[in-house]
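J.: The structure is given below, and queries will be raised subsequently.
The values are calculated or read from the model by the stated rules, or taken from the named source; none is laboratory data. Treat the numbers as computed from the prediction; the structure is a model and nothing was measured. All Cβ positions, even for glycine, are placed from backbone atoms using ideal geometry, and neighbour counts span all protein chains on display. Keep in mind that these areas ignore ligands, DNA and RNA; they rest on the heavy atoms of the full protein, side chains included. Shrake-Rupley method; radii C 1.70, N 1.55, O 1.52, S 1.80 Å.
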Amino acid sequence: MRKIWLLGLTLVTLAIVLWFNVRSLPRLIPTVAAPPPKPILYEQRNLPESIAHILLIPANSRFLVTPALSEKVGTVEEFAQKYGAIAIFNAGFFDPANQKSTSYVIIQGKLVADPKQNDRLVNNPNLKPYLGQIFNRTEFRRYLCGQTIKYDIALHNQSAPTGCQLVDAIGAGPRLLPKLTLVQEAFVDNANKRDALGSNQPNARTAVGITHDGSIVLVMVAQKPSARTNSGISLPALADFMKTLGIQKAMNLDGGSSSSVYYKGKTFYGKIDLEGNSIKRPVKSVLLVQEN
């Protein structure tokens, strides 16, 4: 009986010691796994008179949207070979005759294209009345605000927000949202019946937009081969379409024969010739989508 009593006492003692040892162990803080990075979303949508290629780059993702400029014009496929980007959209305006940009381009804080240096633009007598507006058109911008990257759409002469540094910018225009600024940016002069972009006619178009949460949406609207003479989208209709995508700020990029997009090894061109073939026009500048 005494042996049984001693065995029980030993077991109780061991249990008490074990309990105190467990209590003295540091409590483990459960680790919360970081959410997986948000992927890029690509969609091809059939519209009544066109085909829309839509690319969504989520806010705060590992992807950057930045401009690139080539000394000589090149196709989006050639830009893809050079930069190894996931996606590429054509961007700013240029003069095919001299291959010089007619849009401002800033890359890593450096002005790499200045339309004021384009003699064919500056010395064009038909454009002299509009040069002040042309040199202050809308541009897509990337800021560094502390450690945070922010995108915006603003006029060229607009200052960066307080605490932010302008890193990249590429001009084009006009602004599409929140309102269409064709007249203000001298694309349209109703008094002289001037419409530089054929804004109310269907055509291939390219645009960039920003949603309320800071996501970037790139859109290229292509003509349909089956209705090449009357397909595409007008600028007012493009603005309305981008609004349906939840976009709050948007700007038009170079369109027509320049409209083109590269995504994961596939290339789509926006303009269709009379035989129903895609027009592969080289461009001067693009917007790259790359991993940060």
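J.: Kindly indicate whether any position in region 94-110 is assigned to a strand (DSSP E or B) and touching an Asp or Glu at 6+ places or on another chain (Cβ under 7 Å).
T.: yes
J.: Tell me yes or no: at least one residue of region 20-37 is at pLDDT 95 or above, part of a loop (DSSP other than H, G, I, E, B), under 23 Å from N292 (Cα atoms) and not small (G, A, S).
T.: No: region 20-37 contains no residue that is at pLDDT 95 or above, part of a loop (DSSP other than H, G, I, E, B), under 23 Å from N292 (Cα atoms) and not small (G, A, S).
J.: If we scan region 43-52, do we find a residue that is touching a Phe, Trp or Tyr at 6+ places or on another chain (Cβ under 9 Å), modelled with pLDDT of 95 or more and in a loop (DSSP other than H, G, I, E, B)?
T.: no
J.: Scan region 236-247 for residues that are surrounded by fewer than 20 Cβ atoms within 10 Å (Cβ to Cβ) and out of contact with any Gly (no Cβ under 8 Å at 6 or more places or on another chain) and jot them down.
T.: P236, A237, D240, K243, T244, G246
J.: Continuing with the same structure: Mind checking which residues of region 132-148 are in a strand (DSSP E or B) and either surrounded by fewer than 18 Cβ atoms within 10 Å (Cβ to Cβ) or among the polar types (S, T, N, Q) (or both)?
T.: T138, L144, C145, T148
J.: Just the residues that are of a type in the set (S, T, N, Q), open to solvent by less than 10 Å² (accessible area, probe 1.4 Å) and under 15 Å from the mean Cα position of the chain (by Cα), please, taken from region 46-92.
T.: Residue satisfying the conditions is N90 alone.
J.: Out of region 152-166, which residues are touching a residue at least 12 places away in the same chain (Cβ under 8 Å) and surrounded by fewer than 20 Cβ atoms within 10 Å (Cβ to Cβ)?
T.: Of everything in region 152-166, those that are touching a residue at least 12 places away in the same chain (Cβ under 8 Å) and surrounded by fewer than 20 Cβ atoms within 10 Å (Cβ to Cβ) turn out to be D152, A154, L155, H156, N157, A160, P161, G163, C164, Q165, L166.
J.: Residue pairs, Cβ under 7 Å, 6 or more apart or interchain, first in region 189-207 and modelled with pLDDT of 95 or more, second open to solvent by 50 Å² or more (accessible area, probe 1.4 Å) and assigned to a helix (DSSP H, G or I). List them.
T.: These pairs meet every condition: P202/N230.
J.: For region 111-131, indicate whether the set of residues that are open to solvent by 30 Å² or more (accessible area, probe 1.4 Å), among the polar types (S, T, N, Q) and either in contact (Cβ under 8 Å) with a residue 60 or more places away in the chain or over 25 Å from L155 (Cα atoms) (or both) is non-empty.
T.: Within region 111-131, not a single residue is open to solvent by 30 Å² or more (accessible area, probe 1.4 Å), among the polar types (S, T, N, Q) and either in contact (Cβ under 8 Å) with a residue 60 or more places away in the chain or over 25 Å from L155 (Cα atoms) (or both).
J.: Tell me the strands (runs of 3 or more DSSP E) entirely within region 190-292 that contain at least 1 residues that are touching a Pro at 6+ places or on another chain (Cβ under 7 Å) and more than 18 Å from P96 (Cα to Cα).
T.: 247-253, 283-291
J.: Related question: Can you find, within region 174-188, the residue that is nearest to the chain's Cα centre (by Cα) among those that are touching a residue at least 24 places away in the same chain (Cβ under 8 Å), farther than 12 Å from K249 by Cα and open to solvent by less than 10 Å² (accessible area, probe 1.4 Å)?
T.: Checked region 174-188; the qualifying residue nearest to the chain's Cα centre (by Cα) is E185.
J.: For region 211-234, give me each residue that is of a type in the set (A, V, I, L, M) and surrounded by fewer than 24 Cβ atoms within 10 Å (Cβ to Cβ).
T.: V217, A227
J.: Report, ordered by the first and then the second residue, all pairs with beta carbons closer than 8 Å, sequence separation of six or more or different chains, a first member in region 209-236 that is within 25 Å of L41 (Cα to Cα) and modelled with pLDDT under 95, and a second member that is assigned to a strand (DSSP E or B) and open to solvent by less than 10 Å² (accessible area, probe 1.4 Å).
T.: K224/S50
J.: Separate question: Could you list, in sequence order, all residues of region 261-292 that are among the aromatic types (F, W, Y), out of contact with any helix residue (DSSP H, G or I) (no Cβ under 7 Å at 6 or more places or on another chain) and buried (at least 18 other Cβ atoms within 10 Å of the Cβ)?
T.: Passing the criteria: Y263, Y269.
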